[in-house]
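This report refers to the structure that appears directly beneath it.
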Amino acid sequence: MDKMYNKIANLLVEVFPEGWNKAVMYAHITEDMYEIFFFVKKDNTYYNCFKLEKEFGISRRSIMVCFDKIHQALLNDYKEKKWYCATIQLSSDHKFVINYTYDDQSANEELFKADWKQTYLK
């Protein structure tokens, strides 16, 4: 398990801007699809991963390649534990926390994501 966490952390750090201090990643995984996004905090501001190209010159393609690799890394964990969402928190001082949501949130997905943002983007 630690090997998987290290792999995910290393993949993410590769697409973070210089000087980042905190990041939070959302992952909804199934065998056939995935939805992954993250917010990275730099200078007390959270940046959506899909805006990093404009803000810091980090290509969207490199982020998508990272997400493909994270999907593969998390797939066995998903198959074993059957979670709905995994939330990964990273800090630049090497702290790594993963939280799982097991209840299916698909009926209330937009509300779930709004609550997720309020909880994790403080």
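³J(HN,Hα) across region 107-122 via Karplus (A = 6.51, B = -1.76, C = 1.60, θ = phi - 60°), whole Hz, x for Gly/Pro?
6, 10, 4, 5, 5, 4, 5, 5, 5, 4, 4, 5, 6, 9, 9, 9
With the cut-off at 1.5 for a/c, could you classify region 1-51 from its C-alpha gyration tensor as rounded, prolate or oblate?
In terms of gyration-tensor shape, oblate.
Return the inverse of the average 1/r over all pairs of distinct C-alpha atoms in the chain, which is the Kirkwood hydrodynamic radius, in Å to one decimal.
For the chain, the Kirkwood estimate is 14.7 Å.
On a 30 Å Cα-Cα criterion, which of the cross-link pairs 7/113; 54/117; 42/79; 3/54; 7/82; 3/41 come out too long?
42/79; 3/54
Relative to the present Cα-Cα distance, how much length would full extension add between residue 6 and residue 89 at 0.36 nm per residue of separation?
In short, 28.6 nm is gained.
Which residues make up the longest stretch of the chain that has no GluC sites (Glu not before Pro) in a DSSP loop with at most 12 other Cβ atoms within 10 Å?
It runs 32-122.
If I model a spin label as a point 7 Å beyond the Cα along the Cα-Cβ vector, how far apart are those points for residue 101 and residue 50 in nm?
Label at residue 101, label at residue 50, 1.7 nm between them.
Share of the chain's accessible area from carbon and sulfur, percent, 1.4 Å?
Reported share for carbon and sulfur atoms: 46 percent.
Quickly estimate the mean residue ellipticity at 222 nm for the chain, helices only: each DSSP H run with n ≥ 4 gives -39500 (n - 2.57), and the total goes over all residues, rounded to 500.
-13500 deg cm²/dmol
Amide H neighbours of residue 58 under 5 Å, counting only residues 5+ apart in sequence or on other chains, H built in-plane at 1.01 Å?
Counting only residues 5 or more places away or on other chains, the set is 53.
Once you have the Cα-Cα distance between residue 82 and residue 30, take 0.36 nm times their residue separation minus that, and quote the gain in nm to one decimal.
Full extension of this stretch gives 17.8 nm more.
Is region 62-102 best put as rounded, prolate or oblate by its Cα gyration tensor, with a ≥ b ≥ c the root eigenvalues, rounded for a/c under 1.5, and otherwise prolate when a/b is larger than b/c, oblate when not?
oblate
Which trypsin sites (Lys or Arg not before Pro) in region 1-97 sit in a loop by DSSP (not H, G, I, E or B) and have at most 13 other Cβ atoms within 10 Å of their own Cβ?
Qualifying residues, ordered by number: 82, 95.
Report, in debye and to the nearest 20, how large the dipole of region 9-122 comes out about its Cα centre when Lys and Arg carry +1 and Asp and Glu carry -1 on their Cβ.
360
The values are calculated or read from the model by the stated rules, or taken from the named source; none is laboratory data. What you are looking at is a predicted structure, and each value in this text was computed from that prediction instead of being measured. Reconstructed Cβ throughout: ideal geometry from the backbone, glycine too, with neighbour counts over all protein chains shown. For accessibility, only protein heavy atoms count, side chains too; no ligands or nucleic acids. Shrake-Rupley method; radii C 1.70, N 1.55, O 1.52, S 1.80 Å.
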